[in-house]
Amino acid sequence: MRQLTCVEAGKVEWREVPEPRLAGDGEALVRPLAVARCDIDLFLAAGFFPLRGPFALGHECVGEIVALGDAVRGLEIGQRVVVSFQLSCGRCARCRAGHTAVCEAYPTLSDYGMQPLSGTEHGGMLSDLIRVPHASTMLHPVPHGLEPAALASVSDNVPDGYRAVAPHLAAQPGSEVLIVSHGLASIPLYAVQAALALGASCVDFASDDGDARAHAERLGARAVETDFQAAPPRTYPIVVDAGVTPAGLAYAVRATEPEGVCQSVSFHPGKTTPVPLGRMYTLGVRFHVGRCHAAAVLPDVLALVGRGALRPQAVTTHVAGWEDAPRAWLEPAVKLVVERR
Ligand SMILES: [Zn+2]
Ligand SMILES: [Zn+2]
């Protein structure tokens, strides 16, 4: 079968690889129909993280189930599903606690399309088939009437934006929210959508990128122009740090109200990252950091998508055909979706 493969930094091509097969009775084989590019994918393909040889690309998709193990219940061949980007068993203590990103059955960062980070190849979604080792946990049916391209990013970035605000708005309903966007393309925009869908009384969007601010305004946020050097104009009870720069992180902390919550969805890549702990201690800024637990939050996200409260397609800026994937994958776009036509 064909698999879009990053063969070296900045170079991707289709490669022939063996088809995956069912290896257990709880597994599924899925044929990806629409694949979205995660905010980290351009960093991966550019060699921002040290490459360990060729690797399969893509970890956000809607696909069609083409084979199921005998023990899988509640799913059918032919069904369209969102696939969790993280491998998780659904049975270990961490999975049962909702911490599916750190499933005890797999080494850390066991995801599709992220071999440079984990060191292990689990396949990529820009392929003719992927093997899903825990179908009941990792596959979630697509709500009726929605097209695959609209939901491709629900594997990862859409729930990432959702979980950035959902627990904090549940604890403080109707709060005002600030999203600080500094280098991640789509996750901060999904966070805007989620905050509005979950009843935030207002959502402000701070960024140094005019196009990102304009996109956020179209989604219903109020834009705050900043270079992240000057102090934030005000503070908020809930702030989301979504980016890659220490300056953006510092701005997010400064914008958090005393006893407020600063939720970071960022992967700060350095060995250490400066954090103003003295200020945070004095003001009681509660700082949360960690990965999205995709399989655990997908049912809640899909419920919001199903009733139209979340519209991931409003964040998509480019839809390419499957054959164009090698070229399109390396071109800039806020959110690229590749679909079979
Ligand atoms: Zn991702
Ligand atoms: Zn587990």
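Just so you know, all these numbers are worked out from the coordinates, no wet-lab data involved. Being a predicted model, the structure only gives us computed values, none of them experimental. Counting neighbours? That spans all protein chains shown, and the Cβs are built from the backbone with ideal geometry, glycine included.
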Local net charge near Glu104, Cβ-Cβ under 11 Å (Lys/Arg +1, Asp/Glu -1): +3
Dipole magnitude of the chain, debye to nearest 20 (Cβ charges: Lys/Arg +1, Asp/Glu -1, about Cα centre): 480 debye
Using alpha carbons only: equivalent-ellipsoid semi-axes of the chain, gyration tensor based, whole Å: 33, 21, 19
Dipole of the stretch 220-341, positive end: most advanced residue of Pro233, Gly321, His288 [Cβ charges, Cα centre]: His288
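Given R₀ = 41 Å, what would the calculated FRET efficiency be for Thr273 paired with Ala303, taking r from the Cβ atoms and rounding to 0.05?
Result of the calculation: an efficiency of 0.75.
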Among Val66, Val253, Val102: highest mean-square fluctuation, GNM of the chain, C-alpha pairs under 10 Å: Val66
Least to most buried among Phe55, Phe85, Phe287 (fewest other Cβ within 10 Å first): Phe287, Phe55, Phe85
Computed over the chain: relative contact order in percent, which uses C-alpha pairs under 8 Å that are six or more apart: 18 percent
Proxy reagent accessibility, fewest Cβ within 10 Å first, across Lys11, Lys271, Lys335: Lys271, Lys11, Lys335
Residue among Ala212, Ser264, Phe55 farthest towards the positive dipole end of the chain, charges placed on Cβ: Ser264
Gaussian network model of the chain, Cα within-10 Å springs - most flexible of Thr256, Thr100, Thr272: Thr272
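Report the Rg/Rh value for the stretch 66-170, based on alpha-carbon coordinates and the Kirkwood definition of Rh.
0.95
I need Leu129, Leu68, Leu178 ordered by Cβ neighbour count within 10 Å, fewest first. Don't skip to the end; give the middle numbers.
Working: Leu129 19, Leu68 22, Leu178 30.
In increasing order of surrounding Cβ atoms, one gets Leu129, Leu68, Leu178.
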Net length gained if the chain between Ala314 and Arg340 were fully extended (0.36 nm per residue, minus Cα distance): 7.4 nm
Pairs of Cα atoms farther than 15 Å apart, the stretch 261-323, %: 73 percent
Cα-based Kirkwood hydrodynamic radius, the stretch 13-93, one decimal, Å: 14.9 Å
DSSP beta bridge pairing in the chain, given as percent antiparallel to the nearest 5: 50 percent
For the stretch 98-141 and the stretch 242-277, distance of Cα centres in Å: 28 Å
Net lengthening on full extension, Arg73/Phe43 (0.36 nm per residue, minus Cα-Cα): 7.0 nm
